Each structure stands twice: as C-alpha cells, then as structure tokens.
Amino acid sequence: MNQFVYLTFDGLSRGAVYAAFALALVLIWRAARIVNFAQGAMAVAAVYVAYSVTSATGSYWLGFVAALVAGLALGVIVERVVMRFVDHSSPLNGVVVALGLVLVIQGVLGIVYGSEFHPVETPFSRDAFEIGGIALLSRYDLFVFAAVGAVVASLTLLFTRTPIGLRMRAAAFAPDVSRLLGVSVGGMLTLGWALASAVGSLAGMLVVPTELGLHPTAMDVVFISAFTAAVVGGLDSPIGAVTGGLIVGLLLSYVSGYVEPTVAPMAVLLLLVVVLLGKPGGLFSSSKARVA
Amino acid sequence: MATGELNLHHIGVRFGGLVALDDVSLRVAPGKVVGVIGPNGAGKTTLFNVISGFVTPSDGSLTLDGKPWRPRPHRLSGLGIARTLQGVGQFGGMTVLENVMVGVRGRRAEAEAFAALDRCGVAQYAAVRPGTLPYAIRKRVELARALASKPRILMLDEPAGGLDTDEIRWLGDLIRGELIKDSGTTVLLVEHHMDLVMSVCDEILVLDFGKPIALGTPGEISTNERVTEAYLGAPA
C-alpha cells in the first residue's frame with residue numbers, strides 16, 4: 001500500500017510535466033496542424049540558456065525567467081523563419097522540417113556546450129515528506145504542480161476569457177473567415193508558436209533536473225512520453241493533453257515500481273499503439289476525422 | 001468628404017486559361033446599394049474576392065475613397081469594410097456571441113456584439129453554438145457579425161440563400177431601412193433572389209461569363225434584352 005501511494009504521487013508529479021509538454025504540442029497542433037517534433041530540442045535549448053544565466057549569476061530564478069523568454073523567442077524564430085515557409089499540402093512536410101530542426105538545434109548545442117551531461121540544480125529539495133511513514137511529495141513536486149497548474153489556468157483564461165485568445169481560436173479554426181474579421185492570422189500563429197515554445201521550455205526546466213541532467217538529447221525520451229500523452233488525450237484537446245500527461249506519468253511510475261524501470265518506456269509505446277488502434281482520435285477527441 | 005466610395009477600373013481575373021472576370025468597371029457610390037447579379041459562374045463571387053483581397057486581379061485597379069487601393073483581407077475590417085460569406089462560415093467551437101466578438105475591437109466588444117445580434121433578432125441565441133441552429137438563424141448571425149464592426153461598406157454574398165419569403169422581406173427591410181437610411185452604409189450585394197435585388201438596389205451590374213453586360217437601375221435592368229438572354233437563353 002505504501003509503495004502504491006508513493007508511486008501514485010511520483011507518477012502524478014512526472015505526469016504534470018508530461019502534461020505541460022503535451023499541452024505545448026497541442027497548442028501548435030491546434031494553431032498550425034503540425035506535430036512539432038522539434039519541441040524537445042527547442043526546450044533543451046531554452047534550458048541551456050537558463051544553465052548559462054544561472055552559471056553566470058548564481059540565481060536559479062534568473063535562469064528560470066531566461067528559459068521562458070528564450071522559449072518565447074525561439075518559438076517566434078522557428079515559426080517566422082522556418083515553419084511559415086513549409087508547404088502544407090502534405091502533413092509530412094512539417095514533420096520532416098521539424099525533424100531537421102532537431103538535428104540542427106542538437107548539433108549547435110553540442111558545438112557550443114559539448115555533449116557531456118551537466119547536472120542541473122532544483123530550486124527546492126527533492127526529498128519527499130513522510131506522513132505516517134509513507135513518502136509522499138517533495139517540495140520540488142509541489143513546485144512542479146504549482147507551475148503546471150498556473151500554466152494550465154493561464155492558458156484556459158487566455159483562450160476562454162480574452163479577446164486575443166478568442167482571435168487565436170478563430171484564426172486556427174477558419175483562417176480566411178478570421179482575416180475578413182480583421183484578425184492577423186499570421187500574428188496569431190506566431191503567438192501560438194511562442195506560447196507553445198515557452199510552455200515546452202517550462203516543461204524542460206521542470207523535467208531536466210529530475211533526469212540524468214542537461215544534454216542536447218535530454219528531452220528525447222520525454223518527448224516520446226509527452227507525444228503519447230497528447231495522442232492519448234486527442235491532439236486537439238488541451239484537457240486531453242493534461243489528462244493524457246497524468247495517465248502516462250502514472251503508467252511510467254507503476255511499471256517502473258512494480259515491474260522494472262527499463263520496461264517503462266516500452267509500456268508507453270504500448271499505450272500509444274493501443275490508443276492508436278482502439279481510439280485513434282484520442283480519449284477527448286471530437287467526432288471529426290483526423291487528416292494527419 | 002464622401003466615404004465608402006469604391007471604384008473598380010477595368011478589372012480582369014484569369015485562372016490559367018479561364019477568364020473569370022473581363023474588363024469589369026463599377027462605381028459604388030457612398031450610401032448606395034449596388035447589386036451584382038448574373039447566372040451561376042458569371043464571376044460574382046470572384047468580384048467579391050477581388051475586393052476582399054483573396055484574389056489579385058490580372059488587370060485593372062481599385063480605388064477606395066478616391067485613392068489607389070490594394071485590398072488585403074485582414075485590413076478590410078480596419079478600413080470599415082465587412083463581408084458576409086455564401087456559406088455561413090461560423091466558428092463551430094465558439095458560442096454565437098463569441099463568433100460575433102471576434103470581429104469587434106475594444107472594451108465594449110461584448111456589448112456591441114450583443115447589440116448587433118439584437119438588431120438581427122437573434123440575441124436569444126448568444127450562448128448557443130451556431131452548429132446547433134437552423135440555417136436561417138445562422139444567416140442572421142452571419143449578418144450580425146458583419147454589422148457588429150459598424151462597417152461603412154458592407155458586402156453581402158447571397159444573404160437570402162436558404163431563407164423563406166418572410167426572412168427575405170426582413171432582410172430587405174434591414175438593408176433599405178436601418179442600414180441605409182440610418183447609418184449611410186454603402187452596400188454591395190451579390191444575390192440570386194431577384195425580388196430582393198430589385199427592391200433594395202439603387203443600381204445593378206449584370207455579369208455573364210465574367211463580362212459586364214448591363215449596368216443600370218432596377219427598372220432598366222428588368223427590361224434589358226441582353227440580361228433576359230443571359231438568364232433565359234437567346235430567343236430561337
């Protein structure tokens with residue numbers, strides 16, 4: 001029982017990060033109908049910026065803010081300089097360009113920072129509180145929940161309560177109609193990429209210290225889990241991304257705890273296959289058929 | 001100074017080998033209702049797409065308020081130009097009110113959007129998703145969305161399509177009454193429903209296979225032999 005409680009909290013904490021990362025994938029899918037396979041590499045680049053700033057100033061929080069700003073900037077650059085010029089007649093084009101971006105970003109990071117793992121500090125202790133002899137959550141886990149919760153709440157408010165969020169939804173749903181209503185569709189697309197990239201960077205900041213450390217490929221495995229989370233939830237659904245993230249986090253934790261940690265990534269792939277075979281639109285998808 | 005004056009000078013549009021519009025000139029005077037009619041495929045919607053900036057003309061030019069003008073879709077709203085679409089084109093994931101609010105700027109966006117729905121008699125559907133509503137109601141929502149931005153030039157693309165006689169009468173009253181007399185809006189109307197066109201338009205342009213074949217008042221158009229030929233075929 002103790003182990004089950006511990007694994008559940010551990011899974012929810014991991015899942016919260018996957019949820020944030022999956023949310024970043026969903027944001028771009030909704031805005032541009034592209035699965036951004038470069039999201040992991042972009043997030044790692046932002047974490048490297050944080051690493052540089054924190055190393056130079058000694059402040060974790062300055063690095064944290066720098067990562068989010070770098071994420072926003074990287075999102076703008078990737079959309080304006082690269083993705084805007086991708087021919088969208090086939091969905092594969094965007095995927096291939098995104099995979100190319102992964103190679104470029106990881107290559108540049110390797111040249112600048114080297115390819116060894118850099119340990120990354122956390123702002124709070126990762127030692128779990130014990131209540132009644134059961135290890136529950138650490139301060140860092142609480143920080144992760146608070147950060148992801150704040151992102152989900154902010155995005156929900158943005159999209160449902162603000163004019164700019166309304167226009168972002170409109171631009172994604174029917175670009176030509178939106179243009180006639182005075183919406184700058186290109187601007188909304190850039191904003192979508194910037195927001196998604198910043199959310200992905202936040203997820204990177206939260207997850208990298210809990211893994212092996214900072215490395216150009218540090219987010220590759222996380223990307224697979226987050227992608228699975230987004231697909232499980234339905235790529236169109238922000239609520240689905242969050243739920244999918246928590247499901248994947250719990251699955252990884254239970255399989256690691258009860259079976260064998262090395263089997264856990266395979267369990268994620270198995271979940272991906274089962275969902276794609278059984279409910280390819282995801283658990284929260286609308287009835288509309290997916291085209292890509 | 002007159003505002004809302006739109007001029008088309010010798011507009012031509014070619015799609016590959018197909019001539020969609022050929023030497024079309026038209027002056028839309030401020031505060032007037034100008035109709036564009038013609039059989040299917042005559043180029044009416046292409047003409048609207050030129051004015052909306054979705055299609056770049058191969059020949060000719062446009063002026064707005066006397067100045068040379070190259071339309072861009074997302075700039076129309078800022079220039080006081082609104083357009084409805086043939087299909088209703090509403091955002092399915094949003095409520096009716098949100099659909100209208102997308103096109104309204106400023107702090108009072110919600111109130112103004114609601115007022116536009118009220119003017120079109122559909123305020124009671126504000127919280128409903130448009131996909132669940134009957135077609136005629138959605139057409140009214142579409143009109144409300146165009147009116148909410150308080151346009152000085154309103155382009156209506158087949159607003160009467162799918163409406164019954166009472167609805168069309170209401171539409172005619174709206175165009176001739178509140179829109180024109182009260183606010184001086186310039187209206188450009190593409191429509192198949194002849195009763196509506198004849199009752200609301202000050203001037204009518206008739207297109208056939210992309211070519212302008214007649215321009216005149218409803219009285220002149222209704223007795224024009226070339227127009228009758230275009231619609232009914234040449235007499236044997």
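The values are calculated or read from the model by the stated rules, or taken from the named source; none is laboratory data. Given the structure is predicted, the values throughout are model-derived calculations rather than measurements. Ideal geometry is used to build each Cβ from the backbone, glycine not excepted, and the neighbour counts take in all protein chains shown.
Scanning region B:159-211 for residues that are part of a strand (DSSP E or B) and surrounded by fewer than 22 Cβ atoms within 10 Å (Cβ to Cβ) gives B:GLU203, B:ASP208, B:LYS211. Residues in region B:5-33 that are small (Gly, Ala, Ser) and under 16 Å from B:CYS201 (Cβ atoms): B:ALA29, B:GLY31.
When every residue of region B:79-86 is checked against the conditions, at least one turns out to be in contact (Cβ under 8 Å) with a residue 12 or more places away in the chain, under 15 Å from B:ALA146 (Cα atoms), in a loop (DSSP other than H, G, I, E, B) and facing chain A (nearest Cβ under 10 Å). Listed conditions (1) within 30 Å of A:TYR258 (Cα to Cα); (2) surrounded by fewer than 15 Cβ atoms within 10 Å (Cβ to Cβ) are all met by A:HIS88, apart from (1). Restricted to region A:160-206, and to residues there that are in contact (Cβ under 8 Å) with a residue 24 or more places away in the chain and surrounded by fewer than 17 Cβ atoms within 10 Å (Cβ to Cβ), the residue that is farthest from the other protein chains (Cβ to nearest Cβ) is A:ILE164.
Considering the conditions (1) among the β-branched types (Val, Ile, Thr); (2) modelled with pLDDT under 90; (3) closer than 13 Å to B:VAL33 by Cα, B:THR186 is excluded by exactly one of them, (2).
In this entry, A:ALA50 is excluded by the filter for residues that are in contact (Cβ under 8 Å) with a residue 60 or more places away in the chain, surrounded by 24 or more Cβ atoms within 10 Å (Cβ to Cβ), within 21 Å of the chain's Cα centre (by Cα) and closer than 16 Å to A:VAL95 by Cα. Considering region B:1-46, the qualifying strands (runs of 3 or more DSSP E), each wholly inside and each with 1 or more residues that are touching a His at 6+ places or on another chain (Cβ under 6 Å), run over B:18-28.
Results for (1) on the phi > 0 side of the Ramachandran plot; (2) assigned by TED's automatic domain parsing to the domain that holds B:ASP182, shown as yes or no for each residue.
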| position | (1), (2) |
| --- | --- |
| B:GLY16 | yes, no |
| B:VAL24 | no, no |
| B:PRO39 | no, yes |
| B:GLY43 | yes, yes |
| B:VAL50 | no, yes |
| B:GLY60 | yes, no |
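In region B:140-154, the condition of being free of Cβ contacts under 8 Å to residues at least 40 places away in the same chain and part of a helix (DSSP H, G or I) is met by at least one residue. Residues in region B:212-226 that are touching a residue at least 12 places away in the same chain (Cβ under 8 Å) and part of a loop (DSSP other than H, G, I, E, B): B:THR217, B:ASN224.
Among the residues making up region B:120-137, those that are within 13 Å of another protein chain (Cβ to nearest Cβ) and assigned to a helix (DSSP H, G or I) are B:PRO130, B:GLY131. Those residues that are within 11 Å of another protein chain (Cβ to nearest Cβ), surrounded by fewer than 20 Cβ atoms within 10 Å (Cβ to Cβ) and either in contact (Cβ under 8 Å) with a residue 12 or more places away in the chain or not hydrophobic (A, V, I, L, M, F, W, C) (or both), I need them from region B:105-119; list them, please. Selection gives B:ARG105, B:GLY106, B:ARG107, B:GLU110.
Matching residues to (1) out of contact with any Lys or Arg (no Cβ under 6 Å at 6 or more places or on another chain); (2) modelled with pLDDT of 95 or more; (3) part of a helix (DSSP H, G or I):
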| position | (1), (2), (3) |
| --- | --- |
| A:LEU74 | yes, yes, yes |
| A:ASP87 | yes, no, no |
| A:VAL95 | yes, no, yes |
| A:ILE105 | yes, yes, yes |
| A:ILE111 | yes, yes, yes |
| A:GLU116 | yes, no, no |
| A:GLU121 | yes, no, no |
| A:SER125 | no, no, no |
| A:LEU136 | yes, no, no |
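Per the listing A:LEU235, A:LEU283, the residue uniquely of a type outside the set (Lys, Arg), part of a loop (DSSP other than H, G, I, E, B) and either crowded, with 18+ Cβ neighbours inside 10 Å or in contact with an Asp or Glu (Cβ under 9 Å, 6 or more places away or on another chain) (or both) is A:LEU235. Looking at region B:92-102, which of the residues that are at pLDDT 90 or above and in a loop (DSSP other than H, G, I, E, B) is farthest from the other protein chains (Cβ to nearest Cβ)? Filtering first and then ranking leaves B:THR95. Of all the residues in region B:146-160, those that are farther than 22 Å from B:ASP65 by Cβ and under 13 Å from the mean Cα position of the chain (by Cα) number 4. Just one of the listed residues (B:ASN40, B:ASN49) is without any contact (Cβ under 8 Å) to a residue 24 or more places away in the chain, within 14 Å of chain A (Cβ to nearest Cβ) and of a type in the set (S, T, N, Q), and it is B:ASN49. The one condition from (1) surrounded by 17 or more Cβ atoms within 10 Å (Cβ to Cβ); (2) among the small types (Gly, Ala, Ser); (3) closer than 23 Å to B:ASP208 by Cα that B:SER58 does not meet is (1). If you check B:ARG75 against the conditions, is it of a type in the set (Lys, Arg), within 23 Å of B:ALA146 (Cβ to Cβ), surrounded by fewer than 19 Cβ atoms within 10 Å (Cβ to Cβ) and within 14 Å of another protein chain (Cβ to nearest Cβ)? Taking the combined requirement at face value, the residue satisfies it.
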